[in-house]
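Accompanying notes for the structure given below.
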Amino acid sequence: MALTGIEIFKLLPKTNCKDCGEPTCLAFAMKLAAGKAELSACPHVSEESKAKLTEASAPPILPVTIGVGDRVLKVGGETVMFRHEKRFENPPGLAILISDGMDDAEIDARLKRFNELQYERIGLLLRPDLVAVKAGGDAARFKAVVAKVKEKSGGGIILMSENADIMAAGLSACADRKPLLYAATEANLDKMAALAKENSCPLAVKADNVEKLAELTTRLTGAGIKELIIDSGSRALRRAFQDQIIIRSAALTKKFRPLGFPTIVFPAEMTDNPMKEAVIAAMFVAKYGGIIVLSDFRGESLFPLLVERLNVYTDPQRPLATKEGIYEIGKPNENSPVLITSNFSLTYFIVSGEVEASKIPSYLLVKDTEGLSVMTAWAAGKFVADAIAPFVKKCGIADMVKHHKLVIPGYAAAESGGLEEELPGWEVQVGPREGSNIPAYLKSWQP
């Protein structure tokens, strides 16, 4: 059960040293209880208190990491049944399936799709995460295919075999990439556990039902293996859906730790129809797959899944925001227009798209407005002259253009006079109120 802020405070040093970044130990304890701080931020907490706090503050569904570097995937860490209660924490990983029984041309084609099917949307890169390599009966072939996957893709890897010797062969080719080992079963549990422990890799556990699954995870956690992904074995749609809800509910509402792990699901094994498979995957994005394995990737089905994942796993209490800064559209030069807008991601996406459509290379300044749109930010005092001017001065745009002309959104026209007072030497121009009018405006703009 989660500790309250006061209970956490009692376990802290109570020195108010401020090394954690908070003014007092009590303030830090309250943030820790609310999930807005990490225990590691306190360098003075005792080992005894750290052990108690780590166990007590662990989320009902433990987080698991797969892979290394900038493509590391973190799943789990969930604390709520429904997104509106707080937020969903870590988006599910989407995996493409490759079998070592495929010929090399097919394997290369799938790896090419994995690498190339990625999309930029509202300033974010949307792409799949994992390659699942399924073994046949030949350890040497499995190892060779895994080596190719490692060489030709930067994503995470899932090794799929219930034969521990074949798994060991594949693992020898990619252990440094921290792959997910799929799967430990009742028959091979000890051997798979040894491989996972020896190589510090996460381990997937598969059983025929939820009850048996809980028995296996209990044995593994007792052996000291904590990074687990669970598979209830269901391949019939209705039962698989029910199992996801049962597992999430048992972990969150009943605090049943043996099921407190992220799940892996296989739409690839539930249908031969590619579009039906995509619909099943979409269901598991919302309810509650941790890793979703697809038979193949197609742009027309992968892109909707990536967008759904983005939408479901954004914080409903915080607008999606773009990073503050200068964005170059086209190849702008010292005579190019300079526009400014808010950092609400949808606003940025629309404005940048219209600027690009104009074919006029431009600089787009994105001001941090805490994710609010132009009108809302203006009404809240976050997109007004005395907030915009310091950003324009500090961002460095004045050194990038000869002219000092700044185009502000039409909805912020009231700030033009104040901005010219705050920015001596700059001419503030009022641009269109609607994004659709930006191309025509830029085509007639003069430096």
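The values are calculated or read from the model by the stated rules, or taken from the named source; none is laboratory data. This is a predicted model, so every value here is computed, not measured. Quick reminder, even Gly has a Cβ in these numbers, built from the backbone with ideal geometry, and neighbours come from all protein chains shown.
Details
- Which numbered condition residue 309 fails, given (1) surrounded by 20 or more Cβ atoms within 10 Å (Cβ to Cβ); (2) closer than 28 Å to residue 447 by Cβ: (2)
- Any chance residue 26 is in a helix (DSSP H, G or I) and at pLDDT below 90: no
- Filter pass, residue 94 being closer than 21 Å to residue 288 by Cβ, among the hydrophobic types (A, V, I, L, M, F, W, C) and either in a loop (DSSP other than H, G, I, E, B) or within 19 Å of the chain's Cα centre (by Cα) (or both): yes
- Highlighted here are the strands (runs of 3 or more DSSP E) found entirely within region 98-182 that include at least 2 residues which are within 23 Å of residue 72 (Cβ to Cβ) and aliphatic (A, V, I, L, M): 124-126, 130-134, 156-160.
- Out of 152, 197, 226, 212, one residue alone is closer than 16 Å to residue 263 by Cα, within 28 Å of the chain's Cα centre (by Cα) and surrounded by fewer than 17 Cβ atoms within 10 Å (Cβ to Cβ). It is 226.
- In region 96-106, residue farthest from residue 125 (Cα to Cα) [restricted to those that are among the aliphatic types (A, V, I, L, M) and surrounded by 21 or more Cβ atoms within 10 Å (Cβ to Cβ)]: 98
- Residue match in region 75-82 (condition: touching a residue at least 24 places away in the same chain (Cβ under 8 Å), hydroxyl-bearing (Ser, Thr, Tyr) and closer than 30 Å to residue 317 by Cβ): yes
- Annotation note: of 277, 354, the sole residue that is among the acidic types (Asp, Glu), in the same structural domain as residue 402 (by TED's automatic domain parsing), outside any loop (DSSP other than H, G, I, E, B) and in contact with a helix residue (DSSP H, G or I) (Cβ under 7 Å, 6 or more places away or on another chain) is 354.
- Inside region 423-447, residues that are modelled with pLDDT of 95 or more, assigned to a helix (DSSP H, G or I) and within 20 Å of residue 324 (Cβ to Cβ) make up a count of 0.
- Checking 52, 31 one by one, the residue that is modelled with pLDDT under 85, among the charged types (D, E, K, R), in a helix (DSSP H, G or I) and in contact with a helix residue (DSSP H, G or I) (Cβ under 8 Å, 6 or more places away or on another chain) is 52 and no other.
- Per-region count, region 398-425, residues of a type outside the set (D, E, K, R) and surrounded by 18 or more Cβ atoms within 10 Å (Cβ to Cβ): 9
- The residues of region 406-437 that are within 39 Å of the chain's Cα centre (by Cα) and more than 17 Å from residue 367 (Cβ to Cβ), listed by number, are 432, 433, 434, 436, 437.
- Scanning region 237-257 for residues that are in a loop (DSSP other than H, G, I, E, B), touching a residue at least 40 places away in the same chain (Cβ under 8 Å) and closer than 16 Å to residue 66 by Cα turns up nothing.
- Screening residue 388 on (1) more than 21 Å from residue 438 (Cβ to Cβ); (2) at pLDDT 95 or above; (3) in a helix (DSSP H, G or I) shows it passes everything except condition (1).
- Filtering 346, 372, 365, 305 for residues that are modelled with pLDDT of 95 or more, within 20 Å of residue 124 (Cα to Cα) and not assigned by TED's automatic domain parsing to the domain that holds residue 132 leaves a single hit, 365.
- Answer residue from region 98-138, given it is of a type in the set (A, V, I, L, M, F, W, C) and closer than 21 Å to residue 178 by Cβ and is nearest to the chain's Cα centre (by Cα) among those: 130
- Selected residue (criterion: surrounded by the fewest Cβ atoms within 10 Å (Cβ to Cβ)) from residues of region 61-77 that are part of a loop (DSSP other than H, G, I, E, B) and in contact with a Lys or Arg (Cβ under 9 Å, 6 or more places away or on another chain): 68
- Within region 330-351, being closer than 15 Å to residue 445 by Cβ and in a helix (DSSP H, G or I) holds for one residue alone: 351.
- Selection of region 139-149 for residues being more than 21 Å from residue 264 (Cα to Cα) and within 27 Å of the chain's Cα centre (by Cα) yields 147, 148.
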